[in-house]
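In what follows, a structure is listed as structure tokens, so that the remarks can point back to it.
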Amino acid sequence: MTELPILVVGGGPAGVAAAVTLAEAGLRVLLIEQRDRLGGAIHRQPAPGAPQVWRGPARHRRNWTELTSRLERAAARIELRTSSVFLGIDGAGRFLFEDRRAGRVFARRVRAAIVAVGAVERIRPFEGWELPGVTSAGGAQVLLKETGRPPEGPIVVAGTGPLLLAVAAQLARAGNPPLAVLERGNPWRRPKTLAGLATAGPQLTEAAAYATTLAWKRVPYRTASEVLGVSEVGQGLAIRVRLGKIERLLQARHLLVHDGLEPNRAGIPLPAPGAEIPVLLAGDGREILGADAAILDGRRAAAAVLASLGQAAPVAPLEAALGKARAFQRDLAEALRSPSTLPTPETMICRCEGRRYADFTALPADASAREIRLMGRFGLGACQGRFCGPMLAELRGEALPSASPPRWPLRPVSLAALANFSMDQTET
């Protein structure tokens, strides 16, 4: 009987690091990636024929070159399936996928699984965030990497976190520097925390390079500043902002917003101790620790799988390095910490169902999370609370209910592909 493979879902740094570590230990690996190429968001490559306008920091390129070289050397033990999407686990314990090139669903049995599907962006709601021209900074970054073209017209970048610097610098290098970068936090008020971040090494060097680009292009970087509301005006946006203690109105065509990252856990089967088929999380899908740490975390997840199969795998050095990354992220979050502000009554909370903050506050004060969902219709739309759920959890302090255990399909799949799926057919 052919030995069952170890499944790795996600072809970014964490997933590839896990896959090559397992393969180098002599195990069969099934590596699933939803896009047509590996790399994840950080190593997103231009579409065919599009120019490459941003190559990223040299250390990230070196890390990815090393990983892909190891992947090539271990290719005989790694089955790579690109353009394939993880749909879930059925009642028989089979892992289900959709091959989007072939338009069909297929099933596989595996010995263990590592899910490394990265992070999702958070957006703190404000009045007008749902308008055309307002998009996430990460989404704009991916579009820039794929097309080689920045958005046309004036741009404002706002929110919080280091991604603001990176995206603004990339836009500037691509020929359309933002009008301004508005960071809601005020790190200058926390000099002790900043002093700790100053020892970060590569991350500090990367941030300094972005800041230099912005200074060279004369892009102002304002701290203690945030977007208060947005309205449409002509073909663009009127953006009401607070700059320190002063309110101003900025005119732009695009507003790119970003309020940090969180692990992509929507519908993902969480690890269960003692499960017959171990499922582990890795990379930003487990904990937001950055691109360098994602590689280490992929190796950590692979080491845990090897240990469960009786193979020795040193974990302590990896955990120590991850601890340093965790401390850095903790200091960074503290440096950029800012007070929460309540949305205005007209602020959209659930875009799928068109539900605003006024609809939320009109619900009974003692309404449960389930009642918020059923009575208020928050989280009942197409995304099933994947976007508004975190907002509601922050506003109410209780998460929306979700299916447990998660039911497949976790992602949209065509009826034709499902109809052609044979329940008694499993690939080997």
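The values are calculated or read from the model by the stated rules, or taken from the named source; none is laboratory data. From a predicted model like this one, the values you see are computed outputs, not experimental measurements. We place every Cβ from the backbone using ideal geometry, glycine too, and count neighbours over all the protein chains shown. In case anyone asks, the SASA skips ligands and DNA or RNA and just uses the protein heavy atoms, side chains included. Shrake-Rupley method; radii C 1.70, N 1.55, O 1.52, S 1.80 Å.
If you take all other residues with their beta carbon under 13 Å from the beta carbon of residue 251, and give Lys and Arg +1 and Asp and Glu -1, the sum is +2. Shown is the FRET efficiency for residue 198 and residue 307, computed with R0 = 25 Å from the Cβ-Cβ distance and rounded to the nearest 0.05: 0.10. Each 20 Å bin from zero up to the one holding the largest Cα-Cα distance in the chain carries the following percent of pairs: 23, 56, 20, 0.
Please give the helix 137-147 orientation as an angle from the longest Cα principal axis of the chain, in degrees from 0 to 90, rounded to the nearest 10. With rounding to tens, the tilt is 70 degrees.
For residue 192, a cut-off of 26 angstrom between C-alpha atoms picks up these lysines, skipping any fewer than 8 places away in its own chain: 245, 324.
Count the DSSP beta bridges whose two residues both fall in the chain, then state the antiparallel fraction as a percent rounded to the nearest 5.
Numbers: 30 of 62 bridges.
Percentage antiparallel, nearest 5: 50.
Rounded if a/c is under 1.5, else prolate if a/b is larger than b/c, else oblate: which is segment 279-428, with a ≥ b ≥ c the root eigenvalues of its Cα gyration tensor?
Values: a/c = 2.84, a/b = 1.28, b/c = 2.22.
In terms of gyration-tensor shape, oblate.
Give me the net charge for the shell around residue 45: Cβ to Cβ below 10 angstrom, other residues only, Lys and Arg +1, Asp and Glu -1. It works out to a net charge of +2. Take 110-120, 222-232 and order them by the average number of nearby Cβ atoms within 10 Å per residue, most first; the result is 110-120, 222-232. Fully extending the segment from residue 382 to residue 248 would add 44.7 nm, taking 0.36 nm per residue of separation and subtracting the current Cα-Cα distance. GNM, the chain, Cα, under 10 Å: largest mean-square fluctuation among 311, 170, 384? Ranking 311, 170, 384 by mean-square fluctuation puts 311 first.
So how much slack lies between residue 217 and residue 367, counting 0.36 nm per residue of separation and subtracting their Cα-Cα distance, in nm?
Details: separation 150, 0.36 × 150 = 54.00 nm, distance 5.08 nm.
Contour length minus the Cα-Cα distance gives 48.9 nm.
Based on protein heavy atoms only, the chain ends up with 49 Å² per residue of surface accessible to a 1.4 Å probe. By the gyration tensor of its Cα atoms, with a ≥ b ≥ c the square roots of the eigenvalues, what is the shape of segment 133-244: rounded for a/c under 1.5, prolate for a/b over b/c, or oblate? Because a/c hits 1.5 or more and a/b fails to exceed b/c, segment 133-244 counts as oblate.
Calculate, in nm to one decimal, what residue 76 and residue 411 gain on full extension: separation in residues at 0.36 nm each, minus their alpha carbon distance. Can you show the working numbers first?
On the way: separation 335, 0.36 × 335 = 120.60 nm, distance 2.97 nm.
That pair, residue 76 and residue 411, stretches by 117.6 nm at full extension.
GNM remark for the chain: springs join alpha carbons under 10 Å apart, and the peak mean-square fluctuation among 415, 144, 261 falls on 415.
Here the Karplus curve 6.51 cos²θ - 1.76 cosθ + 1.60, taken at θ = phi - 60°, turns the phi angles of segment 69-82 into couplings of 5, 5, 4, 5, 5, 9, 4, 5, 10, 10, 8, 9, 10, 8 Hz, with x standing for Gly and Pro. Projecting label points 7 angstrom from Cα along Cα→Cβ for residue 66 and residue 327 puts them 2.1 nm apart. Taking label positions 7 Å along the Cα-Cβ direction at both residue 238 and residue 131, the computed distance is 0.8 nm, reported to one decimal.
Return one number: the angle in degrees, 0 to 90 and rounded to the nearest 10, between the long axis of the Cα atoms of helix 202-216 and the longest principal axis of the Cα atoms of the chain. For 202-216 against the chain, the angle is about 40 degrees. Cysteines in the chain that lack a partner Cβ within the 4.7 Å cut-off: 352, 383. Can you give me the C-alpha center-to-center distance between segment 355-389 and segment 1-51, rounded to a whole angstrom? Using only Cα atoms, the two centres lie 37 Å from each other. How would you classify segment 1-144 from its alpha-carbon gyration tensor, with a ≥ b ≥ c the square roots of the eigenvalues: rounded for a/c under 1.5, else prolate if a/b is greater than b/c, otherwise oblate? It is oblate, given that a/c is not under 1.5 and a/b is not larger than b/c.
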